[in-house]
Amino acid sequence: MIAEETISQLATSLRGRLVEPHDAEYDASRRVHNGMIHKHPAGIAYCADVADVMACVNYAREHHLLVAVRGGGHSAAGMGLCDDGLVIDLSQMNGVYVDPNTKTVRVEGGCTLGQARPRDARLRRPSAQRHRLDHRRGRHYPGRRVGPLHPQVRAVD
Ligand SMILES: Cc1cc2nc3c(=O)[nH]c(=O)nc-3n(C[C@H](O)[C@H](O)[C@H](O)COP(=O)(O)OP(=O)(O)OC[C@H]3O[C@@H](n4cnc5c(N)ncnc54)[C@H](O)[C@@H]3O)c2cc1C
């Protein structure tokens, strides 16, 4: 387990916010969809961009910290959380970028299905997707028109 004052150093390298156990929002920040999951990470980093994610991964590697990546927080087993480690939260990275010319969509890792939905009309071939959109075997809302999403993924960052 890492000392609180040590993980506080990570905050200085982030554009996004680092929530630590002494913060008022800590309990709310460690909630996931499955209310039966109660894990206590040493820190929860709300990454603002890819540079933040890289900083978190490097920090965790240097300090031998367990890492959990939280996208939508819908993993029934609570795999988006960990005890005593660092949670890389992607909820602020939820952009959806549509290129109508190439009929591709770039979806950031924290984007939920609901956030992607308004762009549905132009959603044809996701170029980079993670979490719920990527493996729903056609049972997702655009599935009836475009089929399963995972064969259409062109790249994952
Ligand atoms: C109400 C409900 C309905 C659902 N319906 C469907 C459905 O119809 N079809 C379907 O396919 N699924 C369904 N699911 C399952 C859900 O879509 C999957 O659990 C999905 O993986 C959740 O994505 P997330 O981004 O919310 O994951 P999060 O909870 O944010 O978890 C993060 C993910 O990253 C992984 N991860 C975390 N840390 C690391 C690490 N250090 N290295 C590598 N990987 C890591 C975890 O294993 C986990 O998969 C449903 C879930 C719920 C709660």
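The values are calculated or read from the model by the stated rules, or taken from the named source; none is laboratory data. For clarity, every value in this text was computed on a predicted model and none was experimentally measured. Ideal geometry is used to build each Cβ from the backbone, glycine not excepted, and the neighbour counts take in all protein chains shown.
What the table shows:
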item: Candidates Gly71, Gly35, Gly78, filtered to the one that is touching a His at 6+ places or on another chain (Cβ under 8 Å) and closer than 26 Å to Leu113 by Cβ; result: Gly71
item: Filter result for Cys56 (within 22 Å of Val96 (Cβ to Cβ) and at pLDDT 95 or above); result: no
item: Which numbered condition Leu14 misses (of (1) closer than 25 Å to Leu113 by Cβ; (2) in contact with a helix residue (DSSP H, G or I) (Cβ under 7 Å, 6 or more places away or on another chain)); result: (1)
item: Counted residues, the range 70-92 - those being within 9 Å of the chain's Cα centre (by Cα), surrounded by fewer than 21 Cβ atoms within 10 Å (Cβ to Cβ) and either within 12 Å of the ligand (Cβ to nearest atom) or among the β-branched types (Val, Ile, Thr) (or both); result: 1
item: Cβ pairs under 6 Å, 6+ apart, first in the range 55-80 and under 21 Å from Ser8 (Cβ atoms) and among the basic types (Lys, Arg), second near the ligand (Cβ under 6 Å from one of its atoms) and at pLDDT 95 or above; result: Arg70/Gly80
item: Check on Gln115, crowded, with 16+ Cβ neighbours inside 10 Å, of a type in the set (S, T, N, Q), more than 8 Å from the ligand (Cβ to nearest atom) and modelled with pLDDT under 95; result: yes
